[in-house]
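Scroll down for the structure; my scribbles are underneath it.
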Amino acid sequence: MLSIDPNTNTERENYKFLTGSIIPRPIAFVTSLSESGVLNGAPFSYFNIVSSNPPLISLSIQRAGGKMKDTARNIIEKKEFVVHIVDEHNVDLINQTAATLSPDESEIEIAGLTAVDSAKVSVPGVQEAKIRMECILEQVLQLGGQDEPGCDLIIGKVIHFHIENEIYKAGRIDPTGLAAVSRLAGASYAKLGPTFEIERPK
């Protein structure tokens, strides 16, 4: 077995080890509003649950050359955003939003996604997602050094859920109906495959 010290690696080498090892990763499609009112949309696979009481989610938004991404800046300024679950039906459209655009261009418009009003936040969501979560900023941590942070860790509090009727059954979400996709490494993604159950020990 290889034994590797991450301090001897480049950032790219560590990225490949992490994204190739920690799989599959759920993908959040995040909408946010710029100061000038441009609706921004971007996918992130450094995303997960933090807590259910209160309902908190996390997004780790990597910086490029120390520069904060539009999504992180918008969330920090506006303190509101919407998280959508990427699924088999919207993944191609969502992938188009990963293109590098200027802050005054809307990925939503370029990808042909449909903006819909939110119930409790001013940031719109997109109609093409089966699940969306309206969030407010709970906390932000700048990680990787005070002089030049490498990422912005966003913790958001979910204040409203939108769930498509067809995938909501008896208080639970049907995973097959949701058909969420996950990120692997590079350009590889995965669909939900066979599932199994294991009872927890008493």
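The values are calculated or read from the model by the stated rules, or taken from the named source; none is laboratory data. It should be emphasised that the depicted structure is a prediction, and the values quoted were computed from it without experimental measurement. Cβ coordinates were reconstructed from backbone atoms using ideal geometry, including for glycine residues, and neighbour counts include every protein chain displayed.
Brief remarks follow.
- In this structure, Ser51 does satisfy being surrounded by fewer than 17 Cβ atoms within 10 Å (Cβ to Cβ) and among the hydroxyl-bearing types (Ser, Thr, Tyr).
- Within segment 104-124, the only residue that satisfies the criterion of being touching a Lys or Arg at 6+ places or on another chain (Cβ under 8 Å) and either under 24 Å from Arg63 (Cα atoms) or free of Cβ contacts under 8 Å to residues at least 12 places away in the same chain (or both) is Val123.
- Inspection of segment 113-121 identifies no residue that is among the aliphatic types (A, V, I, L, M), at pLDDT below 95, out of contact with any Gly (no Cβ under 6 Å at 6 or more places or on another chain) and surrounded by fewer than 16 Cβ atoms within 10 Å (Cβ to Cβ).
- Counted as qualifying within segment 1-99 are the strands (runs of 3 or more DSSP E) with 3 or more residues that are at pLDDT 95 or above and touching a His at 6+ places or on another chain (Cβ under 9 Å), namely 28-33.
- Residue, surrounded by the most Cβ atoms within 10 Å (Cβ to Cβ), within segment 7-39, restricted to residues that are closer than 19 Å to Arg132 by Cα and among the aliphatic types (A, V, I, L, M): Val30
- Restricting attention to segment 133-157 and to residues that are of a type in the set (Asp, Glu) and either assigned to a strand (DSSP E or B) or in contact (Cβ under 8 Å) with a residue 24 or more places away in the chain (or both), the residue that is surrounded by the fewest Cβ atoms within 10 Å (Cβ to Cβ) turns out to be Glu148.
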